[in-house]
Every structure is written in structure tokens, then in C-alpha cells.
Amino acid sequence: MATLVFDIETIGTNWDELGETTQTALTKWIAKSTNTTGQATEYVQQVKDGLGLSPLTGTIASLAMWDVERKQGVVYVVVPDDTAATNPQTAAKETEQGYTIRYCNESQLLEDFWDGARSYDIFVSFNGRRFDVPFLLHRSVAWQVKPTVELAKNQYLKLQTYPYHVDLQDELTFYGAMYRRPSLHLFCQSYGITSPKEHADGSSVVGLVRSGAYLDLATYNAADVVATHELYERWKEYLAPASFIHTITV
């Protein structure tokens with residue numbers, strides 16, 4: 001049995017590079033939602049700040065993965081082609097957690113991910129079904145990279161077949177039965193797991209990329225995967241369906 005825990009960090013496209021037609025498509029709703037200039041300006045800024053949340057207006061900044069059985073981790077960090085040789089931070093080959101760092105472009109990141117994905121039976125994410133997987137799939141189409149495994153399959157684990165995709169946010173909220181969908185930080189805090197959000201969160205990614213702090217980005221992304229892995233082990237021990245445990249241990 002081979003298990004891969006994964007997480008991506010993303011960044012929005014520069015607003016000025018989107019073009020007038022795209023900008024209009026993203027903001028035309030604002031005129032119907034407000035009558036004040038100040039509020040309209042605030043809404044426009046919210047749109048700009050949220051560009052990295054969609055694979056149609058954003059790109060992947062990094063991808064961290066942990067091979068559970070081999071106890072090996074890697075973080076792919078996307079850097080401009082002319083940056084790796086000149087930025088001191090790209091001299092680093094490992095994160096604080098011992099994850100190997102590989103500097104590349106987004107296309108190479110996607111090609112490597114899908115190539116390696118063939119080797120795994122179980123994929124583990126936190127909110128991956130709603131965010132990471134759609135982002136990976138749409139960015140793959142944009143680069144004409146062919147996905148090799150089906151990660152957007154049936155939401156319910158008991159209806160899945162190999163390879164399984166265990167989205168811990170789905171599992172820990174019992175597929176939406178909880179009133180809210182708690183964040184990774186809240187689950188970690190509740191379970192006594194070190195939260196990767198204590199000192200940074202997703203909003204920090206833009207600043208790290210713009211300042212060229214690629215080692216810091218890799219370390220932050222790896223911390224998310226460390227926490228997700230610990231959360232997976234806790235879920236597997238106490239809450240995982242017996243049918244799933246039986247299947248992966250046979």
C-alpha cells in the first residue's frame with residue numbers, strides 16, 4: 001500500500017495582465033451589489049485578493065508531498081526560469097522538516113506530480129476535493145498535461161475504488177453533517193497537533209513569492225503536509241470506516 005499526502009499553495013495572476021474583458025467579467029456583479037464608491041472599491045480589492053483561489057485566474061506556487069510508507073517528502077517550488085541561479089534562497093535543498101526542494105516551472109511540477117501519482121493507492125488531502133484537486137486538474141489542462149489518476153471521483157469513501165482520495169475535511173465533518181467546515185488549524189488545535197497556521201497562512205504566500213522567499217514558501221507548504229499527515233493518522237486510528245481499514249490492510 002502506497003500513500004501520498006499532498007497540498008498546494010497558489011498565487012493570483014497579476015491583475016493588470018488579465019485584460020479588460022476578463023477584469024470586467026470578474027467585477028460586473030459589483031455594480032449591482034453596491035451604490036457607494038467606497039464599497040465598490042472594497043469589492044474590487046476583494047476580487048483582486050481572491051485571484052489565487054481559482055485555477056482560472058491563478059497558478060500553483062508550490063506543491064508539497066509526503067510518501068507515508070517511505071517517509072520521504074518533497075516540495076516543488078515554482079520559480080521564474082532566470083531566478084533559480086540568482087536567488088540565494090534557491091540554494092537551499094531541504095526545508096526545516098527535511099523535505100527535498102525542487103525548483104521548477106508550473107508545467108514541470110504538474111508533469112512530475114501526475115507521473116508519480118501512478119504509484120499510489122491512497123491520496124490524502126485537507127479540502128483537496130474542493131480546492132487542490134480542481135486546481136491541479138484545470139492547471140494541467142492549461143498546460144496540456146494529461147492527468148494519470150482520478151482524484152475527483154466519488155466523494156464518499158465507501159463508494160470509491162483504488163486509488164482512494166481521503167479528503168480529511170470531508171471525513172472529519174462527516175460529509176457536511178457538521179454545521180460548519182472547520183479549518184485545518186482548528187482541527188489541529190483541537191487534537192493537540194502543531195498547527196502550521198500559528199505563524200503564517202495562505203495569505204502569506206503572495207508576499208513570499210513576490211519577495212523571492214522560496215525557502216520560506218517551501219517550509220510553510222511542508223508544514224501543512226506534516227499537519228495533514230498527523231491528522232490522517234489520528235483519523236485512521238479513531239474515525240476511519242472499518243471497511244476502509246480492512247481494504248487497505250488486506
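Taken together, the values in this text are just the output of simple stated rules run on the coordinates, not laboratory data. Since this is a predicted model, take the numbers as computed values, not measurements. Methodologically, a virtual Cβ is constructed for each residue, glycine included, from the backbone with ideal geometry; neighbour enumeration extends over all protein chains shown.
Listed values, structure above:
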{"item": "Neighbourhood net charge (9 Å Cβ-Cβ; Lys/Arg +1, Asp/Glu -1) for Asp224", "result": "-1"}
{"item": "In range of the label at His138: residues from the stretch 60-85 whose backbone nitrogen is under 13 Å from the point 7 Å along Cα→Cβ", "result": "60"}
{"item": "On Cα atoms only, tilt of 214-238 relative to the major axis of the chain in degrees", "result": "40"}
{"item": "Label selected from (1) 1.19; (2) 0.99; (3) 1.06, the criterion being Cα Rg over 2.2 N^0.38 Å as computed here", "result": "(3)"}
{"item": "Assigned charges on the beta-carbon of Lys, Arg, Asp, Glu; the stretch 3-249 dipole about Cα centre (debye)", "result": "680"}
{"item": "Ellipticity estimate at 222 nm from DSSP helix runs (n ≥ 4, -39,500 (n - 2.57)) divided over the chain, nearest 500", "result": "-11500 deg cm²/dmol"}
{"item": "Label-point separation, Glu237 to Glu94 (7 Å along Cα→Cβ), nm", "result": "2.6"}
{"item": "Calculated from backbone phi, Karplus (6.51, -1.76, 1.60) coupling profile of the stretch 22-28 in Hz, x at Gly/Pro", "result": "5, 4, 5, 4, 7, 10, 4"}
{"item": "Percentage relative contact order, the stretch 3-249, counting C-alpha pairs under 8 Å, at least six apart", "result": "24"}
{"item": "Amide H within-cut-off set for His165, under 5 Å, with H built and near neighbours excluded", "result": "Phe123"}
{"item": "Of the trypsin sites (Lys or Arg not before Pro) in the stretch 10-73, those whose Cβ has at most 11 other Cβ within 10 Å and which sit in DSSP loop", "result": "Lys28, Arg70, Lys71"}
{"item": "For Asn127, residues with placed amide H under 5 Å, excluding near neighbours", "result": "Leu168, Gln169, Asp170"}
{"item": "Separation of the Ile248 and Ala2 label points, Cα + 7 Å toward Cβ, nm", "result": "1.6"}
{"item": "Most fluctuating residue given options His165, His138, His229, as computed from a GNM of the chain linking Cα atoms under 10 Å", "result": "His138"}
{"item": "Most fluctuating residue given options Tyr191, Tyr220, Tyr99, as computed from a GNM of the chain linking Cα atoms under 10 Å", "result": "Tyr191"}
{"item": "Extreme residue, positive dipole direction of the stretch 3-249, given options Phe187, Ile60, Gly116 (C-beta unit charges)", "result": "Phe187"}
{"item": "Packing-based exposure ordering (other Cβ within 10 Å, fewest first) of Asp115, Asp82", "result": "Asp82, Asp115"}
{"item": "C-alpha long axis of helix 133-142 to longest principal axis of the chain, angle in °", "result": "60"}
{"item": "Whole-Hz couplings from phi, Karplus 6.51/-1.76/1.60, listed for the stretch 163-177; x for Gly and Pro", "result": "x, 6, 10, 8, 8, 5, 5, 4, 5, 7, 9, 6, 6, x, 5"}
{"item": "Residue order, fewest to most beta carbons within 10 Å, for Asp224, Asp201, Asp216", "result": "Asp201, Asp216, Asp224"}
{"item": "Fewest-first ranking of Glu9, Glu237, Glu171, using other Cβ atoms within 10 Å as the exposure measure", "result": "Glu237, Glu171, Glu9"}
